[in-house]
Amino acid sequence: MSDVTGLELRSAVDADGHLTLSLEEVTLSPPGEGEVIVRVEAAPINPSDLGLLLGPADVSTLAVSGSADRPTVTFAIPPERAGGVRARVGQSLPVGNEGAGTVIAAGAGAEGLIGRKVGMLGGAMYTQFRKLKVRDTVPLPEGASAADGAAMFVNPLTALAFVETMKMEGHKAIIHTAAASNLGQMLQKICLADGVPLVNIVRSTAQAKILTDIGATYVLDSTAPDFRKNLVDAVAETGATIAFDAIGGGTLGSDIIQSVEQAASRAGGEYSRYGSNTFKQLYIYGALDLSPTVLNRLAFGFQWSVGGFLLTPFLMKAPQETVAAMRQRVVDELTTTFASHYTATIGLAEALNPDVLKAYERKATGEKYLIDPSR
């Protein structure tokens, strides 16, 4: 087979404080042993992708140049945010954590995949053609489309990892924020199936309805005047002591830890100026709020921990039989528990259209975009 050439979406940061998105031509050599080349037909825009795609750029400074089929978009990076991308200066980086498409070429040992649709994990998915190891692909079930398999890794495995982390660390119920998201809906379905109590935190009655419609018992609107009281009640009823927070900034994480402490104090026991003996774990896995995380640490004693959560480190430390079971469950429930729904399907050039870009940058609940580089 000869080389394959296609376009790839790149994000670059320069020393003058600008972030530029562009479509660059990339040529792939024929696949080697255990490798395949996939024509990418679907790749979701997840919140985790936006960190690399747009980083700390000020979207209001957007400026477009280039042509309709090869646009270039440039943004200014506010000086106070520049520190987070200093290590990226001078690099043009490919974007897109996951995707799906059709295998068009295969190296030795992988010939049986030619013509098969596969899901892929490994980055650089906003591209027309992707070469990668067979181990980074999963054949899709018969009849499944590329769109069905495009988001079969990041959100499904993260939701499953939350439950596995709960089990491994000895907790018995979960608190989750931004819970009406695609990931949040998956987590609720998993918890219903597995009998795990889940306290969902959302920001509107419309978001709450999304979850109650799929069977959620505990759905709390953080904008409601009685939110804090309701949260303590829900935590007391479920025994939740571990939380996964997609918001990141502000005081919500602190409020959650404090609510677990207040629920623990209802059980009585001797007063201690160091707080209860109930251990409280908050994991921050998102940054929907870019402001600093504020912890009112004297309000919840000393039995607590706050840390970051990423899927890849979890997969590296979890038992391999657990990871294999998680992956198989995603395949088995691809179009049910782990189905994703998209606002629109766009091409690579459309992803750089100012109106479309501003729409997916909002990260609004219920709005999820799918890139089809083959369009």
| query | For the stretch 141-167, how many residues are assigned to a helix (DSSP H, G or I) and in contact (Cβ under 8 Å) with a residue 24 or more places away in the chain? | reply | 17
| note | Going through the stretch 178-214 in order, the residues found to be of a type in the set (S, T, N, Q), within 19 Å of the chain's Cα centre (by Cα) and at pLDDT 95 or above are Q185, Q188, N200, Q207
| request: Looking only at the stretch 322-375, count how many residues are open to solvent by 70 Å² or more (accessible area, probe 1.4 Å) and more than 19 Å from the chain's Cα centre (by Cα). | output: 5
| field | Residue list for the stretch 203-215, restricted to those being over 20 Å from D255 (Cβ atoms), open to solvent by less than 70 Å² (accessible area, probe 1.4 Å) and in a loop (DSSP other than H, G, I, E, B) | value | I214, G215
| said: Tell me whether the stretch 84-93 contains one or more residues that are crowded, with 18+ Cβ neighbours inside 10 Å, on the phi < 0 side of the Ramachandran plot and part of a strand (DSSP E or B). | reply: no
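Could you please find all residues in the stretch 180-202 being open to solvent by 50 Å² or more (accessible area, probe 1.4 Å) and assigned to a helix (DSSP H, G or I)?
Of all residues in the stretch 180-202, those open to solvent by 50 Å² or more (accessible area, probe 1.4 Å) come to 189, 192-195.
Selection gives K189, L192, A193, D194.
Among G170, G109, G123, G115, which is the only one that is farther than 25 Å from Y369 by Cα, part of a loop (DSSP other than H, G, I, E, B) and in contact with an Asp or Glu (Cβ under 9 Å, 6 or more places away or on another chain)? Step through it out loud before you land on a result.
Values: G170 fails: in contact with an Asp or Glu (Cβ under 9 Å, 6 or more places away or on another chain); G123 fails: farther than 25 Å from Y369 by Cα; G115 fails: in contact with an Asp or Glu (Cβ under 9 Å, 6 or more places away or on another chain).
Step by step, each of G170, G109, G123, G115 is checked, and only G109 is farther than 25 Å from Y369 by Cα, part of a loop (DSSP other than H, G, I, E, B) and in contact with an Asp or Glu (Cβ under 9 Å, 6 or more places away or on another chain).
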| request: Give me the pairs, please: first residue somewhere in the stretch 196-212 and over 14 Å from L231 (Cβ atoms), second residue anywhere and small (G, A, S) and open to solvent by 10 Å² or more (accessible area, probe 1.4 Å), beta-carbon distance under 6 Å, and either six or more positions apart or on two chains. | output: none
| request: Find the residue count for the stretch 286-306, including only residues that are within 24 Å of G170 (Cβ to Cβ), open to solvent by 60 Å² or more (accessible area, probe 1.4 Å) and not in a strand (DSSP E or B). | output: 4
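Being under 24 Å from the mean Cα position of the chain (by Cα) and surrounded by fewer than 19 Cβ atoms within 10 Å (Cβ to Cβ) is the filter here, so list the residues in the stretch 103-122 that pass it.
Going residue by residue through the stretch 103-122, those that are under 24 Å from the mean Cα position of the chain (by Cα) are 117-122.
Of everything in the stretch 103-122, just one residue is under 24 Å from the mean Cα position of the chain (by Cα) and surrounded by fewer than 19 Cβ atoms within 10 Å (Cβ to Cβ), namely G122.
The values are calculated or read from the model by the stated rules, or taken from the named source; none is laboratory data. What you see is a predicted model; the values in this text were computed from it and never measured. Methodologically, a virtual Cβ is constructed for each residue, glycine included, from the backbone with ideal geometry; neighbour enumeration extends over all protein chains shown. Heads up: the accessible areas ignore ligands, DNA and RNA and are worked out on the full protein's heavy atoms, side chains in. Shrake-Rupley method; radii C 1.70, N 1.55, O 1.52, S 1.80 Å.
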